[in-house]
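One structure below.
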There are 4 protein chains.
Amino acid sequence: MTVNVGWIGLGLIGKPMARRLVDAGYPVTVWNRTSAKAGDLVSAGARLAANPREAAAASDILFTCVSDPPALEDVLRGPDGALAGLRAGSVLVDCSTVSPVLARQVAVEAASHGAEFLEAPVTGGTWGAEKGELVFLTGGEAATFDRVQPVLAHLGKKLFHLGPHGTGQSVKLGMNLIYALEVQALAEALALVGGAGIAPEKLLDVLASSMGRAPVLDIKAPMMLAGDYTPSFPLRLMHKDLGLALELSNQLGVPLPATAASRETYSAVKGAATEDVDYAAVRRFWPR
Amino acid sequence: MTVNVGWIGLGLIGKPMARRLVDAGYPVTVWNRTSAKAGDLVSAGARLAANPREAAAASDILFTCVSDPPALEDVLRGPDGALAGLRAGSVLVDCSTVSPVLARQVAVEAASHGAEFLEAPVTGGTWGAEKGELVFLTGGEAATFDRVQPVLAHLGKKLFHLGPHGTGQSVKLGMNLIYALEVQALAEALALVGGAGIAPEKLLDVLASSMGRAPVLDIKAPMMLAGDYTPSFPLRLMHKDLGLALELSNQLGVPLPATAASRETYSAVKGAATEDVDYAAVRRFWPR
Amino acid sequence: MTVNVGWIGLGLIGKPMARRLVDAGYPVTVWNRTSAKAGDLVSAGARLAANPREAAAASDILFTCVSDPPALEDVLRGPDGALAGLRAGSVLVDCSTVSPVLARQVAVEAASHGAEFLEAPVTGGTWGAEKGELVFLTGGEAATFDRVQPVLAHLGKKLFHLGPHGTGQSVKLGMNLIYALEVQALAEALALVGGAGIAPEKLLDVLASSMGRAPVLDIKAPMMLAGDYTPSFPLRLMHKDLGLALELSNQLGVPLPATAASRETYSAVKGAATEDVDYAAVRRFWPR
Amino acid sequence: MTVNVGWIGLGLIGKPMARRLVDAGYPVTVWNRTSAKAGDLVSAGARLAANPREAAAASDILFTCVSDPPALEDVLRGPDGALAGLRAGSVLVDCSTVSPVLARQVAVEAASHGAEFLEAPVTGGTWGAEKGELVFLTGGEAATFDRVQPVLAHLGKKLFHLGPHGTGQSVKLGMNLIYALEVQALAEALALVGGAGIAPEKLLDVLASSMGRAPVLDIKAPMMLAGDYTPSFPLRLMHKDLGLALELSNQLGVPLPATAASRETYSAVKGAATEDVDYAAVRRFWPR
């Protein structure tokens, strides 16, 4: 039996994901705010919907993959929103990183349309999306997870089912604060040794031999040295995720002192940036 | 020609280092504040000096390996201090982590006794010290480094010569802030997901599959889960090193916001601890 | 010509404000989530509305005074919300502290009902509300401000008109971060001298003679000494306002390092509190 | 009986203090690193010593008033240092702000020369020093305090005796973190409203009517508005005092999150400044 897939959001992550499903032979209906981005997907066989509602109405499994909570609310709600078109018995899978509170709200709204909801934020970047090697951090009913697993298997190498609605997003926010602080740590260490007049390569040589080495630092360190911040994971999104992590922690009354300090640093760089930059650009917080 | 070695400081790192040199056949004269700790080294062939000066007077290469700047000043200065006994033409090698300012002062003081100085802080912990797999971050003249390299080769797998006096300590402080912030990041993420009611193992499973994975986290995460903080690298020393990093950065006028926030967290845990704990115990900052 | 007043929100600040308008002879229609709180106002002559819409429908000037942005959205929106009942030509005055973004949205929504909007957050606490000595920080059209000024004059001693919609809330958030950091500063200083074994009264004696003295500290210091945190301005609201200030600053890309650090401290105290406490309870962050 | 006074340190605070004692008729022997600064004091009747030892040898009460701990150690220790000349039975009064640890050390060193020691850091600035309206925060024996009180009465309007050695400095550091955070709070609030496009005067108008008003802010706010940071209390000294406060708090294990965040801000401004500026220049942390 054919599974009809809908895909809303064709950004740096969403588009290669949708492409893999088209290439895997699924009938895919896509929608994107800027429809021009759908061009090559349509050439490859996808159908273009006029609005999110229409994409939903055509789908057994509807994916959303957008940049932040307001963008998700925009594509879901309103007369042309996806919720209005959601089929009874279908599954809504959201790959965006949003707050656990919003994830739980969407689950309730989907249920009111007779649909199941799985939150499924991802890590792995554009590269992982293209190769089908993303990591999925899902939250929702186990049965829902089982149901979409065959489709997710085309997209990710690791599919974690972490618990009920909200758990996927909460773990994702925890993971992203680790990334943000690791990159911040490298930037602070480079600023320190740079301030002391030492070539940054020396710190990196030592780091490479150390237990502090991390794959993410292997990738971000050369960007900092070259001052080339072509976005792989944009700073504006990392800044947004740190905001979501702090929103959650402050609701819970759990202090996160280093995350809070780091967020202000990302904020300053975001405020001064005139172009879209990778989050490794937090190094710009220091003039030298 | 026999190289006579002196060794001052038989702590968690210093003692296994000295032991390796005894086992390698060097004549080793040792001194430690608590002389009882020298017992098995003496049984293995080391000679016990009555004070640091006597240890220095017997040595072509004198090592110091103590816990902090005041301890280093104590063993070096004063009538029975090592500087008073330092042979002309000898080399003083300090493996402690201290400020670059103090390293540069000691270099001047050693030179006034006709001795060379190499700062040589290490990473790798007790395990690395026992196996001879430490990493040395040295600063001083290249010729001094070359001269002691054959001895250091018994102790470390990587010997970095980073530049003139002060550079070894500066890079060491940069490295340690990376470690401290990585461990802080993990602790904050665990506090966040814990506060959200999610089992910590779930975050760790995801981390293990991610680019944020780091060897130091592989080691510290189980300690946090078990609440077992038997010291490998004591929190009081990491807290001291963060203080040294901030002392340096504040002299330079380089802001380190996340390091500063993290140091307060380590400080709170140190203030509440009634026993010696590993720096992974920063997790205790959060009651749950 | 009689001005009919509506009042939504009878909390620590709102209720004494509404009472002053009743006592001044205005016909007042009130609504509160917990209608029991309206009892004595009704006895004093106020009329109780069945829902916010009904209160709006009866009013030339409708006040809202609730605790946070979701509470404001709740009373304004939906079929029984105040917006649905708003009279064309009336004025909506919101005395809550919310984000400037929300204030601007509400202005647009009110305009779509033919009504004017004035944001009018206040400072001065319950005491100021009772005495009519509040300070109003308003934003909106100057003409709107002029129109409601005669009514506000019964409630406040200082009526600032700060500019267009959003400015009142922005200045309010700036003011509240000053209060929060002043109280945090006192708490940190007391924790420091307390940790050093010095009686807190000694610091307070010196403070009283110094240029650092501030009226808010004269009020909060005795609360900290007595450990009596009966809420005058509840910590949960100050914590919320710090969150709003940081939400705004992060949208703008303006780093606020001390505010961010302080918010985490308030968060920890909120998370541990089992009762409603004044924001002076930030002192509880330190066990001694 | 004539009391011979010595005075070491003729900076922004020390010189007007010494001048008042000369004018009050005391025989005063002065010393300053830059002897040119002593010119007008000598014209007014003071005697110029060749070194600190000589100043001490001539004095019943010897004052020191220098900028930081190393400067104090410099004038006290060594063959020409003040300790070497201290008369048995004399009193050493230090008006510098240093660590409580150093204050306790100096007390021991003075005692070994048969002299008493009173730590006596001051607040009030150059203006207070000229008018004799400083506030003294003293620590030491009550009898020592009583003995020097008649001389201090020429210099200060408030003389606090806070307890044994160390207490004066500890309270001083607590006070200065309050000042630093109040000024930081104002700078953050101005950066926030400025970022939101609001004229800073509007915030200041509101502040002037509020309970957050503080005399120090009345003085620093116009400096921030004008961008004129002619030093009254230099930022480099406030930065040093924040460092001393954090050194103390970290020794005690008392976390000071906002102080730590603020210190990094002052550090960044210090690092970027090319001239001596008042600590109100922390406002420069934000480009606008």
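The values are calculated or read from the model by the stated rules, or taken from the named source; none is laboratory data. Keep in mind the model is a prediction, meaning the values are calculated, not measured. Reconstructed Cβ throughout: ideal geometry from the backbone, glycine too, with neighbour counts over all protein chains shown.
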- Query: So which residues in region B:239-271 are touching a residue at least 12 places away in the same chain (Cβ under 8 Å) and not in a helix (DSSP H, G or I)?
  - Reply: B:256
- Query: Residues of region B:118-134 being touching an Asp or Glu at 6+ places or on another chain (Cβ under 7 Å) and buried (at least 24 other Cβ atoms within 10 Å of the Cβ), which ones?
  - Reply: B:119, B:120
- Give me a count of the residues in region C:195-221 that are without any contact (Cβ under 8 Å) to a residue 12 or more places away in the chain, charged (D, E, K, R) and more than 7 Å from chain D (Cβ to nearest Cβ). 1
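Does residue A:236 count as among the basic types (Lys, Arg), within 14 Å of chain C (Cβ to nearest Cβ) and surrounded by fewer than 22 Cβ atoms within 10 Å (Cβ to Cβ)? Lay out the reasoning, then the answer.
On the way: among the basic types (Lys, Arg): yes; within 14 Å of chain C (Cβ to nearest Cβ): yes; surrounded by fewer than 22 Cβ atoms within 10 Å (Cβ to Cβ): yes.
Judged against the criteria, residue A:236 is a match.
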- Query: Going by the structure shown, is residue B:242 at pLDDT 95 or above, under 26 Å from residue A:194 (Cβ atoms) and under 21 Å from the mean Cα position of the chain (by Cα)?
  - Reply: yes
- Which one of the conditions (1) modelled with pLDDT of 95 or more; (2) more than 19 Å from residue A:247 (Cβ to Cβ); (3) over 13 Å from the mean Cα position of the chain (by Cα) does residue A:165 fail to meet, given that it meets all the rest? (2)
- Task: Output yes when any residue across region C:41-53 is of a type in the set (Val, Ile, Thr), at pLDDT 95 or above and touching a helix residue (DSSP H, G or I) at 6+ places or on another chain (Cβ under 8 Å), and no when none is.
- Result: no
- If you scan region D:1-28, which residues turn out to be of a type outside the set (A, V, I, L, M, F, W, C) and either over 21 Å from the mean Cα position of the chain (by Cα) or more than 17 Å from residue D:85 (Cβ to Cβ) (or both)? D:2, D:4, D:11, D:14, D:15, D:16, D:19, D:20, D:23, D:25, D:26, D:27
- Residue, nearest to the other protein chains (Cβ to nearest Cβ), within region B:222-233, restricted to residues that are of a type in the set (A, V, I, L, M, F, W, C) and in contact (Cβ under 8 Å) with a residue 40 or more places away in the chain: B:233
- Message: When you scan region A:140-150, do you find a residue that is of a type in the set (Gly, Ala, Ser), more than 7 Å from every other protein chain (Cβ to nearest Cβ) and closer than 21 Å to residue A:235 by Cα, even just one?
- Response: no
- Task: Answer yes or no: is there a residue in region B:187-194 that is closer than 19 Å to residue A:218 by Cβ, more than 22 Å from the chain's Cα centre (by Cα) and more than 8 Å from every other protein chain (Cβ to nearest Cβ).
- Result: no
- Item | Pair list, Cβ under 6 Å, 6 or more apart: region C:75-99 residue at pLDDT below 95, other residue assigned to a loop (DSSP other than H, G, I, E, B) | none
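Of everything in region D:152-185, what is of a type in the set (D, E, K, R), farther than 27 Å from residue D:283 by Cβ and more than 7 Å from chain C (Cβ to nearest Cβ)? Give them in sequence order.
Residues of region D:152-185 of a type in the set (D, E, K, R): D:157-158, D:172, D:182.
Filter once more, so that each one left must be farther than 27 Å from residue D:283 by Cβ: D:157-158.
Within region D:152-185, just D:157 meets the criteria.
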- Selection status of residue A:247, charged (D, E, K, R) and away from chain C (no Cβ under 13 Å): no
- Using the structure shown, decide if residue B:96 is buried (at least 16 other Cβ atoms within 10 Å of the Cβ) and under 15 Å from residue B:168 (Cβ atoms). yes
- Cβ pairs under 8 Å, 6+ apart or interchain, first in region B:142-153 and in contact (Cβ under 8 Å) with a residue 12 or more places away in the chain, second in a helix (DSSP H, G or I), ordered by first then second residue, are B:151/B:21
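Restricting to region A:250-288, name every residue that is basic (Lys, Arg) and more than 10 Å from chain C (Cβ to nearest Cβ). Don't jump to the end; show me each part of the working.
Taking region A:250-288 as the starting set, the residues that turn out to be basic (Lys, Arg) are A:263, A:270, A:283-284, A:288.
Hits for region A:250-288 are A:283, A:284, A:288.
Inside region D:223-281, can you point out the residues that are among the basic types (Lys, Arg) and either over 30 Å from residue C:287 (Cα atoms) or touching a Cys at 6+ places or on another chain (Cβ under 6 Å) (or both)? Walk me through it before giving the result.
Going residue by residue through region D:223-281, those that are among the basic types (Lys, Arg) are D:236, D:240, D:263, D:270.
Hits for region D:223-281 are D:236, D:270.
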- Query: Right, residue D:231: more than 23 Å from residue A:271 (Cα to Cα) and either at pLDDT below 95 or in the same structural domain as residue D:71 (by TED's automatic domain parsing) (or both) or not?
  - Reply: yes
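So in region B:135-159, with the set limited to residues that are part of a loop (DSSP other than H, G, I, E, B) and of a type outside the set (Gly, Ala, Ser), which one is surrounded by the most Cβ atoms within 10 Å (Cβ to Cβ)? Give the derivation first.
Taking region B:135-159 and keeping what is part of a loop (DSSP other than H, G, I, E, B), we get B:140-141, B:153-155.
Cutting the leftovers down to of a type outside the set (Gly, Ala, Ser) gives us B:141, B:154-155.
Working: B:141: 16, B:154: 14, B:155: 25.
Once the filter is applied, the top-ranked residue is B:155.
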